[in-house]
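See structure below.
The values are calculated or read from the model by the stated rules, or taken from the named source; none is laboratory data. What you see is a predicted model, and the numbers here were worked out from it, not measured in a lab. Cβ placement follows ideal geometry from the backbone for every residue including glycine, while neighbour counts extend to all protein chains displayed.
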Amino acid sequence: MIGRLFRKPEAPKPADGRAAVAALLVRVARTDGEYAAEEKAVIQKVLTRRYGSADMLSDGEDLEHSAGDTVHLTKAIKDEIAHDDRMEYLQDLWRVVLADETRDFEEDGFMRLASNLLGMADRDSARARQAVQAEAG
């Protein structure tokens, strides 16, 4: 019993890249305090397109809830996804942000943070957002 008190806490188990992608999509959706149905639908579409299954959504929600910080999630993504392929992930994050047709300062701030943590520049995030907006027309 006393030994447990002085033992170092176990480090959280690192997420795999796919689960981290799902969790990061959920995190950006929840950033503004609202987890809208439109955002969930976009996340399911992204997960189906990328991984062939929307079933990862509930795992992503669980991981997002338990992951202490965004660094943990972005590190798992960076470990598995080449730098050149990350622009597509920024676009997916922007698809979620723009799904409910509103954008606020919390989401913009989160996107700056996520872009930076993924090793991407602010201009890359701006280009990703512009590409998604052009898709929507």
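Is it true that Ser66 is touching a Pro at 6+ places or on another chain (Cβ under 9 Å) and either under 13 Å from Arg18 (Cα atoms) or of a type in the set (Ser, Thr, Tyr) (or both)?
Working: touching a Pro at 6+ places or on another chain (Cβ under 9 Å): yes; either under 13 Å from Arg18 (Cα atoms) or of a type in the set (Ser, Thr, Tyr) (or both): yes.
Spelling it out, Ser66 is indeed touching a Pro at 6+ places or on another chain (Cβ under 9 Å) and either under 13 Å from Arg18 (Cα atoms) or of a type in the set (Ser, Thr, Tyr) (or both).
What single numbered condition from (1) farther than 13 Å from Ala20 by Cα; (2) of a type in the set (Val, Ile, Thr); (3) surrounded by fewer than 18 Cβ atoms within 10 Å (Cβ to Cβ); (4) touching a helix residue (DSSP H, G or I) at 6+ places or on another chain (Cβ under 8 Å) fails to hold for Val71?
(1)
Somewhere in region 75-83, is a residue in contact with a Phe, Trp or Tyr (Cβ under 8 Å, 6 or more places away or on another chain) and over 21 Å from Leu63 (Cβ atoms)? It would help to see each step written out before you state the result.
Going through region 75-83, the residues in contact with a Phe, Trp or Tyr (Cβ under 8 Å, 6 or more places away or on another chain) turn out to be 77, 81.
Next cut, over 21 Å from Leu63 (Cβ atoms) only: none.
No, because not a single residue in region 75-83 is in contact with a Phe, Trp or Tyr (Cβ under 8 Å, 6 or more places away or on another chain) and over 21 Å from Leu63 (Cβ atoms).
Test of understanding: among Leu93, Leu113, which residue is surrounded by fewer than 17 Cβ atoms within 10 Å (Cβ to Cβ) and either in a helix (DSSP H, G or I) or at pLDDT 95 or above (or both)? First the steps, then the outcome.
Numbers: Leu93 fails: surrounded by fewer than 17 Cβ atoms within 10 Å (Cβ to Cβ).
The conditions single out Leu113.
Any residue at all in region 39-50 that is of a type in the set (Gly, Ala, Ser), modelled with pLDDT of 95 or more and buried (at least 20 other Cβ atoms within 10 Å of the Cβ)? So that I can check it myself, show each step before the final result.
To start, the set of residues in region 39-50 that are of a type in the set (Gly, Ala, Ser) comprises 41.
This time we only want the ones that are modelled with pLDDT of 95 or more, so: 41.
This time we only want the ones that are buried (at least 20 other Cβ atoms within 10 Å of the Cβ), so: none.
Among the residues of region 39-50, not one is of a type in the set (Gly, Ala, Ser), modelled with pLDDT of 95 or more and buried (at least 20 other Cβ atoms within 10 Å of the Cβ), which makes the answer no.
Please list, ordered by first then second residue, the pairs with beta carbon atoms under 9 Å, 6 or more apart or interchain, first in region 91-107 and at positive phi, second surrounded by fewer than 20 Cβ atoms within 10 Å (Cβ to Cβ).
As it stands, the answer is Glu101/Glu38, since those pairs meet every condition given.
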